[in-house]
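Read the structure below first, then the notes.
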Amino acid sequence: MENITIHISIPMGLTSLEDQIRNSEVGKHVAFVTIKTFSNPATHEAYSPDLEDPAIARQVQYLFADTPLIARYWRSLPALKWVHTQRNGVDLVIDSLKKNEAPPFILTKTPGDLNSSFITEYVLGYIIAMNRKIFEARESQSRKDWQQRPLLCNQNIAECTVGILGIGEIGKHIAKACKVLGLHVWGMTRTEHVVNNKCESIDVYRTRDHLQEVLENSDYIVCVLPSTPSTRNLLSGGVLEACKRKNTVLINVGRGDIIDEDSIVQAISNGWLGGAVLDVFPIEPLPVSSPLWDLPGVVITPHTSGWSASPEFLAGIIKVYTDNIQRYITGQPLENVLDWQQGY
């Protein structure tokens, strides 16, 4: 087996990463060099004085780091072979590329199926909350107002249709849970789905060419799309006017650049959308000056839908990495490798 030295920047919540790898089967084949990293949570920027040192930078072949650090420094690491990040979304790294550029290193990441259950809970929680007018009930309580009629739901949840934009591991998991509740499920894919890869919980498949049809027929639109050149601003402009017949609720747990802020404001103000649950934004953290904070019918969460502080979740992230280290040092193909052309 090959012995490797990993330069590592410990991300939030993964302080036991080195110890767990040392105690695993691959531990005796791995050495660690900890990289000093300073992060600005207000801007998501990261700085490493170690990687600014050319002598250290020339030594880095294997790197574990968060995406802001990777995006900032990969060009300065001439010996880089393999990078792993604990994140599922790696658009910061992709955005650091020049047009048609393919980096000389492999990038692996945490797969969507690891956080799919958390995102599914988030989506279903807000669908139920919106359908049963739970937010309105809380406001009514604050006024000590006993009025039943305004808090009655307009339709049973089993009469609703959910349109899921993006049918990867997370999208399929959401579809299965929605089907258990009795919702009618539409799924939008990039290309025609292959029959033997069909998710049985999806009643109607459509491609992006039929986005308007998905929007027109959905009471809830759940966006789990990655950030790629073909998905950015997919819902921007007047696209969401197609939602006005059903007064659709938009739930975005994918990427913030699928729709710009002005388009959400327009869709809510014009009554095209009946509400929006937003966990991701083009600029994060969401600036305090954003009109979304106070826009009626909009729920804001700080990019938390797919994350958990549970030991089991963090252990799963670490296991994904240790399994890949085992594969790497034994010459097997890595798993969860980013396709630079597809962007996921």
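Out of (1) touching a residue at least 40 places away in the same chain (Cβ under 8 Å); (2) part of a loop (DSSP other than H, G, I, E, B); (3) of a type in the set (A, V, I, L, M), what's the single condition that is false for residue 277?
Only one criterion in (1) touching a residue at least 40 places away in the same chain (Cβ under 8 Å); (2) part of a loop (DSSP other than H, G, I, E, B); (3) of a type in the set (A, V, I, L, M) is unmet by residue 277, namely (2).
Out of all the residues in segment 279-291, is one or more open to solvent by 40 Å² or more (accessible area, probe 1.4 Å), within 26 Å of residue 114 (Cα to Cα) and among the aliphatic types (A, V, I, L, M)?
Yes, segment 279-291 contains at least one residue that is open to solvent by 40 Å² or more (accessible area, probe 1.4 Å), within 26 Å of residue 114 (Cα to Cα) and among the aliphatic types (A, V, I, L, M).
Tally time: how many residues in segment 309-344 are small (Gly, Ala, Ser) and in contact with a Leu (Cβ under 8 Å, 6 or more places away or on another chain)?
Residues meeting the conditions: 1.
With the requirement that a residue be open to solvent by less than 40 Å² (accessible area, probe 1.4 Å), farther than 19 Å from residue 344 by Cβ and touching a strand residue (DSSP E or B) at 6+ places or on another chain (Cβ under 6 Å), what does segment 159-200 give you?
161, 162, 163, 178, 183, 185, 186, listed by residue number.
Does segment 35-68 hold any residues that are of a type outside the set (Phe, Trp, Tyr), surrounded by 15 or more Cβ atoms within 10 Å (Cβ to Cβ), within 27 Å of the chain's Cα centre (by Cα) and farther than 20 Å from residue 334 by Cβ, and which are they?
Within segment 35-68, 35, 37, 39, 44, 46, 48, 68 qualify.
Cβ-Cβ under 7 Å, sequence separation 6+ or interchain: first residue in segment 318-342 and within 29 Å of residue 100 (Cα to Cα), partner assigned to a strand (DSSP E or B) and open to solvent by 50 Å² or more (accessible area, probe 1.4 Å). Which pairs?
334/106; 337/106
Is it the case, given these coordinates, that residue 283 is over 24 Å from residue 131 (Cα atoms) and touching a residue at least 24 places away in the same chain (Cβ under 8 Å)?
Spelling it out, residue 283 is indeed over 24 Å from residue 131 (Cα atoms) and touching a residue at least 24 places away in the same chain (Cβ under 8 Å).
Residues 328, 344: which one is out of contact with any Lys or Arg (no Cβ under 7 Å at 6 or more places or on another chain), farther than 24 Å from residue 166 by Cα and open to solvent by 40 Å² or more (accessible area, probe 1.4 Å)?
The conditions single out 328.
The values are calculated or read from the model by the stated rules, or taken from the named source; none is laboratory data. Predicted, not measured: the structure shown is a model, and the values here were computed from it. Cβ sites come from the backbone with ideal geometry, for glycine too, and all protein chains shown count toward neighbours. For the accessible areas, the whole protein counts, side chains as well, though only heavy atoms, and no ligand, DNA or RNA atoms are used. Shrake-Rupley method; radii C 1.70, N 1.55, O 1.52, S 1.80 Å.
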